[in-house]
1. Where the accessible area of the stretch 112-201 is counted over protein heavy atoms with a 1.4 Å probe, how much of it, in %, is carbon and sulfur?
2. Would you grab the residues whose amide H sits under 5 Å from the one on residue 352? Only those 5+ places off in sequence or on another chain, please, with H modelled 1.01 Å from N.
3. Quick check: with the 1.4 Å probe, what order do 281, 184, 165 take by accessible area, largest first?
4. Treating only the Cβ of Lys, Arg, Asp and Glu as charged (+1, +1, -1, -1), what charge dipole size does the stretch 296-410 show about its Cα centre? Round to the nearest 20 debye.
5. Roughly speaking, what is the stretch gain from residue 437 to residue 154, that is 0.36 nm per residue apart minus the C-alpha to C-alpha distance, in nm to one decimal?
6. With a Förster radius of 41 Å, plug the Cβ-Cβ distance of residue 139 and residue 287 into 1/(1 + (r/R0)^6) and report the FRET value to the nearest 0.05.
7. Using 0.36 nm times the number of residues separating residue 404 and residue 481, minus their current alpha carbon distance, what extension gain do you get?
8. For the stretch 351-402 and the stretch 304-332, compute the distance between their C-alpha centroids and round to whole Å.
Amino acid sequence: MFGTESSLSMFLNTLTPKFYVALTGTSSLISGLILIFEWWYFRKYGTSFIEQVSVSHLRPLLGGVDSTTPSNSNTSNGEADSNRQSVSECKVWRNPLNLFRGAEYNRYTWVTGREPLTYYDMNLSAQDHQTFFTCDSDHLRPADAIMQKAWRERNPQARISAAHEALELEESCSCATAYILLAEEEATTIMEAERLFKQALKAGEGCYRRSQQLQHHGTQYEAQHRRDTNVLVYIKRRLAMCSRKLGRTREAVKMMRDLMKEFPLLSMFNIHENLLESLLELQNYADVQAVLAKYDDISLPKSATICYTAALLKARAVSDKFSPEAASRRGLSTAEMNAVEAIHRAVEFNPHVPKYLLEMKSLILPPEHILKRGDSEAIAYAFFHLQHWKRVEGALNLLHCTWEGTFRMIPYPLEKGHLFYPYPICTETADRELLPTVFHEVSVYPKKELPFFILFTAGLCSFTAMLALLTHQFPELMGVFAKAFLSTLFAPLNFIMEKVESILPSSLWHQLTRI
């Protein structure tokens, strides 16, 4: 036993202060590198790398159960409906007010050198174009066959060249999709885009009339008519948006109303959101209320445009005379209570919007696709509707005074909602794909606490760095402390070895110590 103590003491005595400096310095460097990596991974993906690896790989090896797996197979109908709603709310939607690539997005790139659209967003648009603007019979018509390949092309110049090639063919007068592509991507001004869309309208109406007469002759003609319908609706909608952007707002409203009346079943295009924005520009609040009465229905999917426009109309009735000091003294009137409840409803649906409306966060160009209840939808809404909130006197002041009260009603938004289903947990991941994170910080709700491993590595890095500094400044003193600490650390081991020595025969003990 004495041999063990003497060897331990000899080992501790051979450790020089330089060894302790190197040990603590290396430990501080390694923990610092782990901290930097963990912080970068958390900012990029919203979770801890160590935690993710331990949950995904170590827990199954240790026989753990995935927390996301239901422990009870008899899940209630309410929970099942909630899960289905959460999945539907994580669906990415086409932005009803998306800008023109050539006349708006590309101009932004020319001025700033930044790309406002992500590859994921543009890829979704390419899929939309293939779905709406192509059909199985396109190979029968050379121009449509060229456009079918053009919509799949990633290079913008190759797409534009293909559109020009399609228009050079004999039946170019009927190739409306080629005009659409040129209007969207080659036109550098809204006026030029409108001119091309008018040519597309002429070609699209002819195709629509011909396919309408043949739609019942077989599935092939039915698919062709469906495609021609989508093309015609798209052209008319974009023409209405051109009129809105060029200041002919009343003309745009008429075109949107006629389009909704002609194709009432195509609600997937969400044309009513374009109509709401144009009516707000005209300050025609009675018609805005009429549109909301039709589309703000419990059976229809909600959007930030519907919820916040409803809140704006109710705020408009009281905002010009609203004073938080007076309201705290006398209490809220019925109209003020209705306005506050409407704001709380809107904020619960999309909590990212108020910071953009209140200009607490800078706006960027909206993406071509949005995620409902996400940061992408908030940007798209605020980009077009901030001016309407500013136009209503006191509306932003009322929003500023009341919007944060929403979070007191839903302290655990991922588990239970108040007026809507719980907030979906998938919004951050999808928004990071849709938004240019290079120059935009994605808004996250609810704010995530720092993972345990980041705090742990930060504490470990700080502690080892302090030890390294103290060891470098006071090597002799820290050497004494280290030896005392190691002696204390090995004291239980020495005690166990003494007990083992007292129990075992001396011959066996000597054999073990020699080994």
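1. Accessible surface attributable to carbon and sulfur in the stretch 112-201 totals 51 percent.
2. Here the answer is none, since no amide H 5 or more places off falls under 5 Å of that of residue 352.
3. So, going from the largest accessible area down, we get 165, 281, 184.
4. That gives a dipole near 180 debye.
5. 99.7 nm
6. 0.35
7. 22.5 nm
8. Their Cα centres are 16 Å away from one another.
The values are calculated or read from the model by the stated rules, or taken from the named source; none is laboratory data. All values derive from a computational prediction rather than experimental measurement. Note that we place each Cβ from the backbone using ideal geometry, even for glycine, and neighbour counts take in every protein chain shown. Please note that ligands, DNA and RNA were not included when accessible areas were found on the heavy atoms of the full protein model with its side chains. Shrake-Rupley method; radii C 1.70, N 1.55, O 1.52, S 1.80 Å.
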